[in-house]
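Novice: Following this message is one structure expressed as structure tokens.
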Amino acid sequence: MSSTDTKRGILLMILTMFIFAVQDGLSRYLAGEYNVLMVVMIRYWFFAAFVLTVSAKRAGSIALAARTRQPVLQAFRGVLLALEICVMVAAFTLLGLIESMAVFISYPLIVAALSGPILGEKVGLYRWAAIGVGFVGVMIILQPSGGVFSPYALIAVTAALLFALYTLLTRYAARKDTAETSFFWTGIAGAVAISLVGIWFWEPMAPRDWLWMLGLCITGASGHYLLIKTYEIAEASAVQPFAYLHLVFVAVIGLLVFNEDLRINVVIGAGLVIAAGIFTLWRARRATA
């Protein structure tokens, strides 16, 4: 992998995280005005169309992309991600962008902790130490003794747990299926599941808000496309640390657009979580080098 590819990959990852942060801001606004399930459902319709297009192109046909030896697992992954998105968007509206994302970025540490029992991977002493530091960081963010802590904080924790489980099941599915197949089932199964529920919560949307909804759909699809391109041109271990810029961009949007507060405990706790996450990435890279 050339240095030029790595530099391009880093730039693409930064751009992708900015787009995802804009998507989060749009989700927070729309979910504050309309039912969360309806907002996520419309977003998934657009995403499913994007998935069908990309899958047909990359796999050769939609039938080839859909072919799997583990349909139950793949369908469950898709439903799980749709559920996680609903939970996370609800956290945005109840807890705020900044604090929700500060908790959510702990999911790589949850993945590291559960990779042993679920995937049979070895979790060494250093990785457990990093997981412990990350857990301390989350507790600082939540301030269970008072301050910012509320039951709403548990919603963000739940979202992190759900996404960590989705990530682990994706890695497990990759043992038998291609990335194109997993991507196909992620979009289609999720769209079907959320539509079966979300359609019952349909409500009229103001014309102006349809423009924001279009922006949400475009940022969602373009963000996933750029993420795919990022991993095509650069090693995941080289660009993954820059994914934490998602929190930085979200914090800027939360402060400037939604007038949220940036509490010192959130800054300190998020710093510990990010440091622990980068350390686990570094240890994983050394182990595979």
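The values are calculated or read from the model by the stated rules, or taken from the named source; none is laboratory data. Remember, predicted model here, so these are calculated numbers, not experimental data. Every residue, glycine among them, receives a Cβ derived from its backbone with ideal geometry; neighbour counts consider all protein chains shown. SASA here: full protein model, heavy atoms, side chains in, ligands and nucleic acids out. Shrake-Rupley method; radii C 1.70, N 1.55, O 1.52, S 1.80 Å.
Novice: Per residue, how big is the convex hull of the range 67-186 when only Cα atoms are used? Give it in Å³.
Specialist: Hull volume normalised by residue count: 106 Å³.
Novice: Work out how much length residue 119 to residue 179 would gain on full extension: take 0.36 nm times their residue separation and subtract the Cα-Cα distance, in nm to one decimal.
Specialist: 19.8 nm
Novice: To continue, here is another question. Using the Karplus equation 6.51 cos²θ - 1.76 cosθ + 1.60 (θ = phi - 60°), what ³J(HN,Hα) coupling, rounded to whole Hz, does each residue of the range 124-138 give in order, writing x for Gly and Pro?
Specialist: Along the range 124-138, the couplings run x, 4, 5, 5, 5, 5, 5, 4, x, 4, x, 5, 4, x, 5 Hz.
Novice: Can you tell which of 101, 213, 88 shows the greatest fluctuation in a Gaussian network model of the chain with Cα springs below 10 Å?
Specialist: In this elastic network of the chain, the residue with the biggest mean-square fluctuation among 101, 213, 88 is 213.
Novice: Looking at the chain as a GNM with Cα springs under 10 Å, which of 77, 175, 28 has the largest mean-square fluctuation?
Specialist: Of 77, 175, 28, the Gaussian network model singles out 175 as fluctuating most.
Novice: Pull out a ≥ b ≥ c, the square roots of the eigenvalues of the alpha-carbon gyration tensor of the range 40-92, then state rounded if a/c is under 1.5, prolate if not and a/b is larger than b/c, and oblate in the remaining case.
Specialist: oblate
Novice: Can you tell me the mean projection area, over all orientations, of the convex hull of the chain's alpha carbons? Units nm², please.
Specialist: For the chain, the mean projected area of the Cα convex hull comes to 15.6 nm².
Novice: When only Cα pairs under 8 Å and 6 or more residues apart are kept, what is the percent relative contact order across the range 114-270?
Specialist: 43 percent
Novice: Whole-Hz Karplus ³J(HN,Hα) for the range 187-197, in order, using 6.51 cos²θ - 1.76 cosθ + 1.60 and θ = phi - 60°, x for Gly and Pro?
Specialist: x, 6, 4, x, 5, 5, 5, 6, 5, 4, 9
Novice: Please turn the phi angles of the range 9-21 into ³J(HN,Hα) values with the Karplus equation 6.51 cos²θ - 1.76 cosθ + 1.60 (θ = phi - 60°), one per residue in order, whole Hz, x for glycine and proline.
Specialist: Listing the rounded values in order: x, 5, 4, 5, 5, 4, 4, 4, 5, 5, 5, 5, 5 Hz.
Novice: Using the Cα gyration tensor of the range 170-275, with a ≥ b ≥ c the square roots of its eigenvalues, what is the shape: rounded (a/c below 1.5), prolate (a/b larger than b/c) or oblate (neither)?
Specialist: Oblate, since a/c reaches 1.5 and b/c is not below a/b.
Novice: Further question on the same structure: Roll a 1.4 angstrom probe over the protein heavy atoms and tell me the percent of accessible area of the chain that is carbon or sulfur.
Specialist: The computed percentage sits at 70.
Novice: What is the sum of charges around residue 67, taking Lys and Arg as +1, Asp and Glu as -1, for the other residues whose C-beta is under 12 Å from the C-beta of residue 67?
Specialist: 0
Novice: Sticking with this one: Sequence neighbours fewer than 8 away in the same chain don't count; with that in mind, list the lysines whose C-alpha is under 26 Å from residue 229.
Specialist: 7, 57, 176
Novice: I would also like to ask the following. Where a ≥ b ≥ c are the square roots of the eigenvalues of the C-alpha gyration tensor, would you call the range 188-237 rounded, which needs a/c under 1.5, or, failing that, prolate if a/b is larger than b/c, or oblate?
Specialist: In terms of gyration-tensor shape, oblate.
Novice: Taking the Cβ-Cβ separation of residue 126 and residue 225 as r and a Förster radius of 45 Å, what is the calculated FRET efficiency to the nearest 0.05?
Specialist: 0.80
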